[in-house]
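Undergrad: Take this structure first; my questions come after.
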Amino acid sequence: MNGEITAEKGSVLFKKVTKTYSDGTRAVDRLDLEIRRGELVSLIGPSGCGKTTTLKMINRLEEPTEGTITVDGMDILSTDPVKLRRRIGYVVQEIALFPHLTVAENIGVVPNLLGWPAKKTRARVNELLSMAGLSPEKYRFRLPDQLSGGQKQRIGVLRALASDPQVILMDEPFGALDPISRETLQNELVSLQKDLKKTIVFVTHDMGEALRISDRIVILRKGRVEQEGTPEEIQNSPKNDFVRSFIGEDRLSRMSPDDPVESIIEDPWGKAAPWESAAEVLERMEENDREFIQVIDPKSGQWLGMALLGRVRRAASAGETVLKGVNRDRKLYAGEATLRDAAEMLSDRDISIPVLDGDGHFIGVITSTALARLAVERLRSGTKEAQTA
Ligand SMILES: Nc1ncnc2c1ncn2[C@@H]1O[C@H](COP(=O)(O)OP(=O)(O)O)[C@@H](O)[C@H]1O
Ligand SMILES: [Mg+2]
């Protein structure tokens, strides 16, 4: 089997890998997974689905019970585990920096083990610190105690990069940080990765994080792949309810005022055709206690305006059609309007807003109730996050 594998340097390949712990727990179940050189792949899934076990098998901190794992096309079971670990970077949550070593010494741990000359290590440490926006003069000689949580994790990432390994494993590296530091480090990782093009296997349980940083997302469930794809593919076509619920919650808590209005458009109850008499429509509105109605050409679907009760009443007493009573100023266009636009318009006047496509066809309305529901759900998912954090 070894001979036929021609994978390039920096690729990681799982073939039918199973891991059963000694107590009988099957943590990983016939897993097939390919991670290509230079790709940042997130493994995500609920607690206990096998993310950490999968990661640890790559550098042989755990060994597969069945199946094959290759790194750089070589079966890892035929490589020396210590050497293997030195050529794979590893970052974990609440990184264990050596407390009695300086920042520079911590970053230089692996280069030292590899026997690099002191001068080369020093230059590399300085280069990495500068890359992460930490001035070497200021930070080289600090001890871990003198760093913030975010800075410690940053040093942990630099330590993993120090000997320039092609493959880096990260197990919830930013999981213990406050949201602002977490987002800063995510952004730094993305910008570092643009230049470095490492093969990164990144474990997280935070879908927002996975969506922000990954080239590809692998959703695990009970030790198997439930779905994999780019962030767009996963978001646009979740395979089943499991995936949907997994992205749903986080998507909601990530929802921002700049998001498009599409997700909250509803079909309205009140419509009228332009040729209907205002008197007829007025009767219908009064019966149903409506304050406005959308006037739409039933054949073309063109939106002709929104008719407000007072104007319809006036048109009715003048014996006109309902079209005489419409207003055409207040509307939003799908594809350009944001939730913020909708919120601003509704705060001016709490009457549903018609939404049109670029050709003026009526799509639906946005109501203040829909916006309120969104806000409530977002608050609720925020509380849930805070509770599980
Ligand atoms: N050393 C171990 N011995 C026995 N069971 C383990 C061990 N490590 C993990 N497990 C079990 O294996 C499953 C997967 O664990 P893990 O890979 O840590 O999941 P995740 O990182 O996705 O939370 C869980 O059921 C966990 O309890
Ligand atoms: Mg884990």
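The values are calculated or read from the model by the stated rules, or taken from the named source; none is laboratory data. Being a predicted model, the structure only gives us computed values, none of them experimental. Virtual Cβ from ideal backbone geometry, glycine too; neighbours counted across all protein chains shown. Ligands, DNA and RNA are stripped out before the accessible areas are found, and what is left, the full protein with its side chains, is counted by its heavy atoms. Shrake-Rupley method; radii C 1.70, N 1.55, O 1.52, S 1.80 Å.
Undergrad: Restricting to bridges with both residues inside the chain, how much of the DSSP beta-bridge set is antiparallel, in percent to the nearest 5? The partial results should precede the final answer.
TA: Working: 33 of 56 bridges.
Percentage antiparallel, nearest 5: 60.
Undergrad: What shape does region 1-126 take by its C-alpha gyration tensor, where a ≥ b ≥ c are the square roots of the eigenvalues and a/c under 1.5 counts as rounded, a/b above b/c as prolate, and the rest as oblate? Write out the running numbers ahead of the final one.
TA: On the way: a/c = 2.21, a/b = 1.54, b/c = 1.43.
Prolate is the answer for region 1-126, as a/c is 1.5 or above and a/b outweighs b/c.
Undergrad: Which of the lysines could a cross-linker bridge to Lys324, judged by Cα under 28 Å and excluding same-chain residues fewer than eight apart?
TA: Within reach: Lys271, Lys299.
Undergrad: Moving on. Counting only other residues whose beta carbon sits under 13 Å from that of Glu127, what net charge do I get with K and R as +1, D and E as -1?
TA: On the way: positive: Lys119, Lys120, Arg122, Arg124, Arg140; negative: Asp164, Asp195.
In short, +3.
Undergrad: Students often get this wrong, so check it: of Lys56/Lys194; Lys16/Lys56; Lys56/Lys138, which have C-alpha atoms separated by over 27 Å? It would help to have the intermediate numbers written out before the result.
TA: Numbers: Lys56/Lys194 25 Å; Lys16/Lys56 16 Å; Lys56/Lys138 34 Å.
Over 27 Å apart, Cα to Cα: Lys56/Lys138.
Undergrad: What is the magnitude of the charge dipole of region 262-373 about its Cα centre, with +1 placed on the Cβ of each Lys and Arg, -1 on the Cβ of each Asp and Glu, and no other charges, expressed in debye to the nearest 20? Mind showing how you got there, number by number?
TA: Details: 14 positive and 20 negative charges, 53 e Å.
It works out to roughly 260 debye.
Undergrad: On to the next question. About the Cα centre of the chain, how large is the charge dipole given +1 on each Lys and Arg Cβ and -1 on each Asp and Glu Cβ? Please answer in debye to the nearest 20. Before the final figure, lay out the partial values.
TA: On the way: 55 positive and 59 negative charges, 346 e Å.
Computed charge dipole of the chain: roughly 1660 debye.
Undergrad: State whether region 262-373 is rounded, prolate or oblate according to the following rule on the C-alpha gyration tensor (a ≥ b ≥ c being the square roots of its eigenvalues): a/c under 1.5 gives rounded; otherwise a/b larger than b/c gives prolate, and the remaining case gives oblate.
TA: Values: a/c = 2.17, a/b = 1.58, b/c = 1.38.
Prolate.
Undergrad: Would you compute, from DSSP H runs of 4+ residues alone, the mean residue ellipticity of the chain at 222 nm, taking -39500 (n - 2.57) per run and dividing by the full residue count, rounded to the nearest 500?
TA: Values: 15 runs with 151 residues, N = 389.
Rounded to the nearest 500, the figure is -11500 deg cm²/dmol.
Undergrad: Let a ≥ b ≥ c be the square roots of the eigenvalues of the Cα gyration tensor of region 2-254; is it rounded (a/c under 1.5), or, if not, prolate (a/b larger than b/c) or oblate? If you can, show how the numbers build up before the last one.
TA: Values: a/c = 1.89, a/b = 1.29, b/c = 1.46.
Since a/c reaches 1.5 but b/c is at least a/b, the shape of region 2-254 is classed as oblate.
Undergrad: Now, a different point. Got a sec? Charge dipole of the chain, +1 on Cβ for Lys and Arg, -1 for Asp and Glu; which of Leu169, Ala210, Leu356 is way out at the positive end?
TA: The residue sitting farthest along the positive end of the dipole is Leu169.
Undergrad: Return the percentage of antiparallel bridges among DSSP beta bridges fully within region 252-362, rounded to the nearest 5 %.
TA: Bridges in region 252-362 that DSSP calls antiparallel: roughly 75 percent.
Undergrad: Take every DSSP beta bridge whose two residues both sit in region 131-238, then give the antiparallel share in percent to the nearest 5.
TA: Values: 5 of 10 bridges.
Around 50 percent antiparallel, to the nearest 5.
Undergrad: Now for a different question. Between region 280-294 and region 156-173, what is the C-alpha centre distance in whole Å?
TA: Computed from Cα coordinates, the inter-centre distance equals 65 Å.
Undergrad: Got a sec? Charge dipole of region 2-254, +1 on Cβ for Lys and Arg, -1 for Asp and Glu; which of Gln193, Phe246, Pro64 is way out at the positive end?
TA: Selected residue: Gln193.
Undergrad: Roughly speaking, to the nearest percent, how much of the chain's 1.4 Å accessible area is carbon and sulfur?
TA: 49 percent
Undergrad: Here is a follow-up. So, counting K/R as plus one and D/E as minus one, what does the shell of residues with Cβ under 12 Å around Arg85 add up to? Walk me through the intermediate numbers first.
TA: Working: positive: Lys56, Arg60, Lys83, Arg86, Arg87; negative: Asp80.
Taking every Cβ under 12 Å from that of Arg85, the sum is +4.
Undergrad: Here's another thing I want to ask about it. Please compute the net charge surrounding Pro46, taking Lys and Arg as +1 and Asp and Glu as -1 over other residues with Cβ under 10 Å from its Cβ. Show your work: numbers first, answer last.
TA: Numbers: positive: Lys51, Arg221, Lys222; negative: none.
Here the charged neighbours net out to +3.
Undergrad: How high is the FRET efficiency between Thr79 and Asp258 when r is their beta carbon distance and R₀ equals 30 Å, given to the nearest 0.05?
TA: Values: r = 48 Å, r/R0 = 1.60.
So the FRET efficiency works out to roughly 0.05.
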